[in-house]
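This report concerns only the one structure given below.
Values in this text are rule-based calculations from the coordinates and carry no lab data. Since the model is a prediction, treat every value here as computed from it, not as a measurement. Here Cβ is always computed from backbone atoms with ideal geometry, including for glycine, and neighbour counts include all displayed protein chains.
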Amino acid sequence: MLKKRVWVSLFLATLLLITACSNGGESGETPERTTAGGNNESAGNGLKPAKLKIVLYGEESPRMKELAKAEFKDIVKKEINADIEFQFIPWTEYGGGKTDLMLSTGEDFATYTDTNYMVKSVAKGLYADLTPFMGTAAEDMIKTVDENSFKAFQLGGKQFAVPVGNKPNSGEFYSVLVRQDLLEEVGMNSVSTLAELEQFYDKVHAAHPELIGYASTDARRMLMYEYTDKNLYWQNDFLAIDESADNDQIMSWFESEEFKAYSGLMRGWYEKGIIPKYAATNTPQLQSDWNSGKAMFWAGTAARPFEGAATISQAVPGAKLTNYFLSKDLPKISRGTYSTAWFVSANAADPERYVMFFNLLQKNQELYDLFAYGILDKDYTLDENGRLTRNTTDSLIPDWLLMNKNFIRFDKSVPDDFIAQYKAWDDEAIISKGAGFNFDNTPVKNEETKINGVFSEFLAPIASGFLDYEENFPRALEKLKAAGFDAYIAEYQKQFSEWYAAK
């Protein structure tokens, strides 16, 4: 009988011990300055004035708007002599849209990235090379962010993005994040199989027909335990690797029997209404419904039970969130402990000053508390044990972005056993054998552009259950091949094999 894994998390925790990171080459000549460290009040005095624009995704809260014009602005000015502007844009603009437009038109700004978006953008010359500044401007954060996290955002030995955060990241989106309050309301205690998850939907739908089921259109990780015995980890939308196999084989996801089985499950969910019909034309609404407490479950991470609880509880005060893994007891896969990474646009006037700002976010407890929690005794209080009580629910710089085991504070309402469970989330996890590999798409850039178009128009609707596999996949596969997919996967396999052999 397979062992059921249930992980319950309620608030923030600490992670692995961090080692110092040595990155990039030697720095060139830099402005004479006093290092922004400790309690040095004149840290920014040796620097000429600079202007920084930090783009964040989502909605700006009223309290964030106040702090951005006052305390946040003042501390950045004092520490690194920079005037800072925070600009918020919708999440739909991440990894494309307005972000791409800002890059292509040469705006001076920084925001966060993932490895795939980084590779594409670097190939276009849109990201600044931050290597010369890592030994000086990032000298504090390399002590508090894992060395492997820096390596994940390097290309050709150069640092094109600076990682931030240090938290449990294994099993991202492989668990089901369930509204535990709804689960208990309908007489259930947990879910451990697909059948039980669907039973949960049926019971809650009968009691609350106004609620939707799944607040996303991608469940390939979450449902993996139901359609394959392999321990799959996706390199991108098209390619995966089997972490349980001791080889360097790249798997063509859409051409696999696993994808056929998975698309059948998703088609069933769409027809049943677990994925709402409006998702086919209005995917962003799913996120809004989740945040407002109108959805039953979502794909989970170690952090999501507490990241999501604060938002949902504003709409549903009694809401509780719990992570469950379905069916199988395979090792959880980790890509590393970073939350995300900051890039600087190629046309930035002072990329080093941006790196100095990133450094402030992960530098010491005092600055972390300010950016994450606000002003002591106004936005939050601390008890004698350092436990946190928030006086405002407004988000500042997002918690998920900053989370670092060296500085995280726990709410005093969080029981010690829940903190211990969160700390143990990464126990027995495995690091992906592809961690740190970044594909250079230059040889197949045209093919990649075409296959991304095929994905959006033909494959994504099948993967989400909007279209039937049997009726639509043959044509989609024909389009994929015509776009040059065989050449693309051959180049990917070649680069991955060379990198794997050299590890």
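Using a cutoff of 8 angstrom between alpha carbon atoms and counting only pairs six or more residues apart, the relative contact order for segment 104-258 works out to 13 percent.
Here each label is just a point 7 Å from Cα along the line to Cβ, and for Lys78 and Asp416 those points are 3.6 nm apart.
Close amide H pairs (under 5 Å, H built 1.01 Å from N) link Glu85 with Leu52, Lys53, Ile54, residues at least 5 positions away or on another chain. Within the same chain, lysines fewer than 8 places from Lys445 are excluded, and of the rest, those with a Cα less than 27 Å from its Cα are Lys98, Lys120, Lys124, Lys151, Lys158, Lys433, Lys479, Lys481, Lys494, Lys503. Candidates Phe437, Tyr225, Phe150 compared by Cα position along the dipole of the chain: farthest toward the positive end lies Phe150, with charges placed on Cβ. Classification of segment 362-417 by its C-alpha gyration tensor yields a rounded form. The axis ratio a/c (a ≥ b ≥ c) stays under 1.5.
Taking the charge dipole of the chain about its Cα centre, with +1 at Lys and Arg Cβ atoms and -1 at Asp and Glu Cβ atoms, the residue from Ser175, Pro90, Pro331 reaching farthest to the positive side is Pro90. The amide H of Leu155, built 1.01 Å from its N in the peptide plane, has Phe160 as neighbours under 5 Å, considering only residues 5 or more places off or on other chains.
The label-point distance for Lys378 and Trp91, in a model that sets each label 7 Å from Cα toward Cβ, rounds to 2.9 nm. The phi torsions of segment 67-84, fed into the Karplus equation with coefficients 6.51, -1.76 and 1.60 and a -60° offset, translate into couplings of 5, 4, 8, 10, 4, 4, 4, 5, 5, 5, 5, 5, 6, 9, 6, 10, 8, 10 Hz, rounded to whole numbers, with Gly and Pro shown as x. Panel note: the C-alpha atoms of segment 92-183, placed on their principal axes, show extents of 51, 34, 21 Å (largest first). Here Lys69 is the anchor, and the lysines within straight C-alpha reach of less than 19 Å, apart from those fewer than 8 places off in the same chain, are Lys51, Lys53, Lys77, Lys78, Lys378. An oblate overall shape is assigned to segment 388-429, the ratio a/c of its alpha-carbon gyration tensor axes (a ≥ b ≥ c) being 1.5 or greater and a/b not exceeding b/c. Sequentially through segment 280-293, phi angles give Karplus couplings (6.51, -1.76, 1.60; θ = phi - 60°) of 5, 10, 9, 4, x, 5, 4, 4, 4, 5, 5, 5, 8, x Hz, Gly and Pro residues having no value and appearing as x. Summarising the amide proton neighbourhood of Ile375: residues at separation of 5 or more, or on other chains, whose placed amide H is nearer than 5 Å comprise Tyr380.
Lys-Lys pairs in segment 175-334 that are eight or more residues apart or on separate chains and whose Cα atoms lie under 17 Å of each other come to 7. Dividing the convex hull volume of the alpha-carbon atoms in segment 244-398 by its residue count gives 248 Å³ per residue.
For segment 327-470, a Kirkwood hydrodynamic radius built from all Cα pairs, placed in the Stokes-Einstein relation at 25 °C and 0.890 mPa s, yields a translational diffusion coefficient of 123 µm²/s.
Note on the chain: with charges restricted to the Cβ of Lys and Arg (+1) and Asp and Glu (-1), its dipole about the Cα centre is near 200 debye. The phi-based Karplus calculation (6.51 cos²θ - 1.76 cosθ + 1.60; θ = phi - 60°) puts the 3J(HN,Hα) values of segment 400-407 at 4, 6, 8, 2, 9, 4, 6, 10 Hz, whole numbers, x for Gly and Pro.
Legend: calculated FRET efficiency, Leu101 to Thr389, from the Cβ-Cβ distance at R0 = 41 Å, rounded to 0.05, equals 0.50.
Around the Cα centre of segment 265-313, unit charges on the Cβ atoms of Lys, Arg, Asp and Glu (plus for the first two, minus for the last two) sum to a dipole of about 140 debye.
Counting every C-alpha pair in segment 175-334, the share spaced more than 23 angstrom apart comes to 39%. Evaluated with a Cβ-only charge set (Lys, Arg +1; Asp, Glu -1), segment 175-334 carries a dipole of roughly 480 debye about its Cα centre, given to the nearest 20.
Along the charge dipole of segment 442-502, pointing to its positive end and built from +1/-1 on Cβ of Lys, Arg, Asp and Glu, which listed residue (Ala476, Ser456, Gln493) has its Cα farthest out? Ranked along the dipole, the leading option is Gln493.
At a temperature of 4 °C and a viscosity of 1.567 mPa s, determine how fast the chain diffuses translationally according to Stokes-Einstein, using the Kirkwood radius over alpha-carbon pairs as Rh; express D in µm²/s, rounded to the nearest whole number. Approximately 54 µm²/s, per Stokes-Einstein.
Based on DSSP H segments of at least four residues, each scored -39500 (n - 2.57), the chain has a per-residue ellipticity at 222 nm of -10000 deg cm²/dmol. Kirkwood analysis of the Cα pair distances in segment 442-502 returns a hydrodynamic radius of 12.5 Å.
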